[in-house]
Amino acid sequence: MGALLTNYVYFTMAMYGFFSVGMISDAKVFYGAESPLCYFTVFDVSAEWFAKSCGIIIFFMIMAPFFAGVSGETYARISLPINLLQLPVFIQAAFFSTTTGPDGCTSPYAMPFNMFIPQVALAVGLLVWNVMALKETNMGLSMAQAPKDEATYFCWTMSLVYAVTFGSTLMIAPKYFWGPDSIFCYWEVNDESGVMFGRILGILMCSVYLAPLYAALEYAKLARMVMPMNIFFLSFFVKAAFFMESIGPGHNALLPINLWVFQIPIGLFFLFWNIKVLRDSKGVALL
């Protein structure tokens, strides 16, 4: 890797790692009204769940070069659509949201400005850096598909569920598709923080799960990369199904059932298939 690409990879690993740890631990504590890093003054349950899921994908994406054999160049190609698509989400939060700071932040150490404004500047800088670093590679900014291998059908099925179905709809309009008024109500509350983290989760799902189709990420490496994600997601599904409030069904729900209950067998299905794929390909040795 060239110096520009190498520095980009390590800088984003450190930066995304910092944010992901906060989101996984407790996004409301790290980025809520009482935090010095007050991004949102209101955090509902959907925002907390989405933030944890975002943190899991980000953390294991940045760790993938160390445990899944993903190259720095491929990592940079996966991060390009993330950097591009999250920029308008940050702009919306910086200038058009009513529940972002500094008004409503209660920490005496909170920054006296909307934290999403520097986030926009950072996102622009990372996007430019990302593009410049990839231009120095042999492939440049061109897209490439990975060849089929023993993990292809597993990855295709997982991307159909998590990227095409949930990822795309979360990216477009999470409240419309999965919010309180939807016939597929997963959340009875979904405020601005929930919508923003939902959109970021959709961007991450589409960018990561579809990476073999545009970033030449090998399917077997994607299977290794998502193994720990599938473990955590299963626990998140169980928590939402049995231990959280305001999670549906809503007043327009097609079925009078908590839809998170159905996510548990889906999560188990993908986890067991993931294990089988890694065992058959001997990829489990990298975990």
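Please treat every number below as a calculation from the coordinates, not as lab data. These numbers were taken from a predicted model, which means no experiment stands behind them. FYI the Cβ positions are ideal-geometry reconstructions off the backbone, even for glycines, and counts take in every protein chain you see.
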Can you pull the one-decimal nm distance between simple spin-label points at Thr98 and Leu4, each 7 Å off the Cα toward Cβ?
4.4 nm
What list do you get for Met244, Met139 if you sort them by fewest beta carbons within 10 Å?
Met139, Met244
Three-way shape call for region 151-287 based on the alpha-carbon gyration tensor, with the a/c threshold at 1.5
prolate
Per the helix-only model, the chain has a calculated mean residue ellipticity at 222 nm (DSSP H runs of ≥4, -39500 (n - 2.57) each, divided over all residues, rounded to the nearest 500) of -21000 deg cm²/dmol
Going through Lys135/Lys175; Lys239/Lys276; Lys135/Lys221; Lys52/Lys276 one by one, the pairs whose alpha carbons sit over 32 Å apart turn out to be Lys135/Lys175
What ranking do Arg279, Arg199 get, fewest neighbouring Cβ atoms within 10 angstrom at the top?
Arg279, Arg199
Check: the chain dipole with +1 on Lys, Arg Cβ and -1 on Asp, Glu Cβ, in debye
720 debye
Give me the extension gain from Ile275 to Phe66: residue separation times 0.36 nm, minus the current Cα-Cα distance, reported in nm with one decimal.
73.3 nm
A correct fewest-to-most ranking of Cys155, Cys206 by other Cβ atoms within 10 Å would be Cys206, Cys155
For region 104-207: rounded, prolate or oblate by the Cα gyration tensor [a/c cutoff 1.5]
oblate
Based on the alpha-carbon gyration tensor of region 223-276 and its eigenvalue square roots a ≥ b ≥ c, which shape applies: rounded if a/c is under 1.5, prolate if not and a/b is larger than b/c, or oblate?
prolate
